[in-house]
Structure formats: structure tokens, C-alpha cells
Amino acid sequence: MLKKIAFWSFFSVFSVSCIAWLAVLVMDAAQSESIRWGAKKNRAERARKATGPIVIGVAGGWKKGYQPLLNGVNMARDEINRQGGLLNRPISVIPMDDEMSVVTGMRVAQEFSDNQNMVAVIAHPNSKVSLSTAVIYEYYGLLMLSPLSTNPALTRQGRSLIFRNIPSDDADGVTLAEYAAEQGYQRVAIYYLRDDYSRGLANIFERRCYELGISIVDRLPYESTYKPIDYSGDFNLWKRQFKFDAVMLAGFLPQAADVIKTMRKAGITVPILSGGSLDNNELITRAGEDAENLIVVSTFDAQAANEKVASFVSNYQQKFNQLPNRNAAQGYDALYLLAHVIKTTGSTVPTEMADTLHSVTDWVGVTGPHTFDADGDVHGKPMILKKVQNGQFQILR
């Protein structure tokens, strides 16, 4: 009898503890939801009543090759402010370096979100960082426009405030594979950085190659590190065992430049195909003549016979003493796109801006026309192919 009483006493205490624990979880969830809606509501109310500067955050790896992105945003800000701003208010840009790191990126996203005067962010270049921070921006009611994150998953999570103004990896991978088919390549090798972006691009490229009848003779990953790595073993193996017409390389600077130099040193002279992450003059500076015959996908043609592009290139070159690359153009377009949305909406309330942005059709920037779908993806931008020839990028088509 005593055993039964002890058991039921224990069961009773255990049940009460479980119920209390569940109640705490429910209360925490309710409190969290209350905080979320409070933050969203407060931001919206502030935006609706604001008369001061329109605050927009910008995040990227400024010390890791993405300073041109910030240059493009700042140049657009200066031009818009010289013309009287938006809704009779100036634009204020707050830049933060996310170091291309998920941990730092999430800290940046939280700082941006804590600023109740901020209405939108242009962030982040790295897809892994964007995927991790998107939930924070959505939670706190900030509109996020990513100028360079290409992972398709970014806009496939049912979030209403998350956008990108660059085509996804689907477009890059398909474009490269179709170019390979056009050139008559029958056998291609793939070398990709072991990260989400590079793996995803390699997957899309390989799938489209399969559909087009192109054989993938081998596929190897390399590690993400800023320390020197000897890649020569992989390329010497390829040289001995396989015949191929091209190499598809997915990765980032500065590592990709070392990969290319090692590949050429091993005697691999075939064309190298890559995504937009290597559309950067810094690659040519780092890889030198080994960069010759590299083909990249891009969204920006600095030589386009277009008055808007010509003006942008001239002004950028005068201001920063260098030609603008894709990153600069994407940042420039991102802020002008937000400006277009704010003027069209007549409001800086993030949810109202998002509603307008979802319905944008054929807005034209220096990177071409922009049309957005219900997911927040851009469509209609031309996919440009560039080739390194005589030490500079030349437009193929």
C-alpha cells in the first residue's frame, strides 16, 4: 500500500512538474509572439509617423572583397539625396561588416533589428549568412533585400519580407551548362568549395549537364579555409586519369584564385566555367595570366550601350578610381529599387513596401529589368557571360 501511495505521489509530482513545464513553454511562446508583434507594430508605427531620415542598413564582408557593394549603395544614396531624397526625407545608410560569418551576421541582424527606426536592410552577400539572418529580419518586421545571395532556399521559406535582386543559383548553373553544350563540350570536371553556395551551384550545373548529354568525368570538393592548401594532388590525378573539355569551378576569392593557379600549373589548360562569385577584377589581379580563359556568369555589363549604365560606370570610376564590378552594380540597384518602392508606396512601413515590391514589374536598373514574384525572387534579368581575355573581362554574350 505504501508503495502504491509513494508511486502515485511521485506520479502526481511528476505530472504537476510536466504541466508546469509545459505552461512555462506556452507562456514563453506567447511572450515571444507578443514581443515579435510588438516589435513589428512599433516599427510600423514609427515608420508611418517618421519625418526624419529613412534608415537603411547594409551588411557585407567589406574586408573580404565586398567593399564595392557598399560603394554602390553609398553612391546611390548620395545621388538620391542630392535630388531631394524620398518623401522629402534624406536616406541614411548604416553599414556593418558581417565578416561573411554566420555568427557575426546574426549579431549584425540583431543590431539592425533593435534599431526601431530602420525600415529595410540590403544584406548579405553570403547565402549561408542570409539564410540564418532572414528569420531575424522577418521576426522583427524588417524588409530584407539581398543583392548577392543566390541560394534558392532563401526565398522558398514562406517569408513575406525577404527578397533578392539577383537571380538564384538555378539561373547561374543552367546558363553555364547550356554554354558548355553550345561550345560542344562533352566531358566536364567539377571542383567546388565545400559550402552551401558552391555545392548548390555544382548540383544545378551537373543536373543540367545530364539533361544536355554532357558527361561529368569527376567531381571533387575542396575545403573552406584562408590558410594555404595544396590542391595539386587533385589536379595531377585528373591530368593522369581523365580527358575533359572544361572545368566547372564553384567558390570564392581569394581561395579560388589559388585553385586556378594550381590547376594551370598542373597543366590543365581547358576553359574554366564559374558562377557570378568570381565576376571580380580582383580575381585577375590575384591569378594573373592563369585567369585567362575563365568564363563567368554575371548580371552586369559595364560596356553596355545604355545611357544609365554609362553614367553609372563613369561616376563610379570618377568617385572610386576603379571600374564598378557586379557587386557594385547590384548594391547600386538595390538602393534605387528600394527608392522606387518607397516612392510608389508613399510609405516606409516595411510590410507596405513588401506588398509593392512583390508586384514590381520591369523596373530597370543598371543590371537590367527587374520583375518580382510572390516568393520575392527577381525574374527577367539578362544572364551575361564574360571571359577573361588579355588580362580583362570581355563580354561573350
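The values are calculated or read from the model by the stated rules, or taken from the named source; none is laboratory data. Since the structure is predicted, the reported quantities are computational estimates derived from the model, not experimental observations. No Cβ is skipped: glycine too gets one built from the backbone with ideal geometry, and neighbour counts run over all protein chains shown. All accessible areas refer to the heavy atoms of the entire protein, side chains included, with ligands and DNA or RNA removed. Shrake-Rupley method; radii C 1.70, N 1.55, O 1.52, S 1.80 Å.
Below, the figures for the structure above:
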item	result
Residue order for 323, 193 - accessible surface, 1.4 angstrom probe, largest first	323, 193
Full-stretch length increase - residue 114, residue 351 - with 0.36 nm per residue and alpha-carbon distance subtracted	83.6 nm
In Å², nearest 10: area of residue 197 left accessible to a 1.4 Å probe	20 Å²
Per-residue ³J(HN,Hα) for the stretch 377-383, Karplus 6.51 cos²θ - 1.76 cosθ + 1.60, θ = phi - 60°, Hz, x for Gly and Pro	8, 8, 10, x, 6, x, 9
Shape category assigned to the stretch 306-360 from the gyration tensor of Cα positions, a/c cut at 1.5	prolate
In Å², nearest 10: area of residue 96 left accessible to a 1.4 Å probe	40 Å²
For residue 365, distant residues with modelled amide H under 5 Å away	370
Compactness of the stretch 54-157 as Cα Rg over 2.2 N^0.38 Å, two decimals	1.04
Added length on full extension, which subtracts the Cα-Cα distance from 0.36 nm per residue, residue 282 to residue 87	66.4 nm
Filtered GluC sites (Glu not before Pro), the stretch 223-312: DSSP coil and at most 11 other beta carbons within 10 Å	223
Geometric extent, Cα atoms of the stretch 197-352 - Rg, Dmax (angstrom)	19.5, 64
The stretch 145-289 shape via C-alpha gyration tensor axes, a/c threshold 1.5	oblate
Cα-based radius of gyration of the chain once divided by 2.2 N^0.38 Å, which approximates compact folds	1.15
At least 27 Å along the helix axis (C-alpha) and Kyte average at least -0.5, DSSP helices within the chain	2-49, 326-345
Antiparallel DSSP beta bridges within the stretch 43-200, percent to nearest 5	5 percent
Solvent-accessible ranking of 98, 234, largest area first, probe 1.4 Å	234, 98
Nearest-0.05 FRET efficiency for residue 156 and residue 389, computed from C-beta distance (R0 41 Å)	0.65
The chain - share of DSSP beta bridges that are antiparallel (%, nearest 5)	30 percent
Inter-part distance where the stretch 365-397 and the stretch 195-223 are each reduced to a Cα centre, Å	21 Å
Full-extension gain in nm, residue 46 to residue 182, via 0.36 nm per residue minus C-alpha separation	43.6 nm
Sequence-distant residues sharing a close amide H with residue 378 (under 5 Å, placed H)	164, 166
Rotationally averaged projected area of the stretch 170-240 (alpha carbon convex hull; nm²)	5.2 nm²
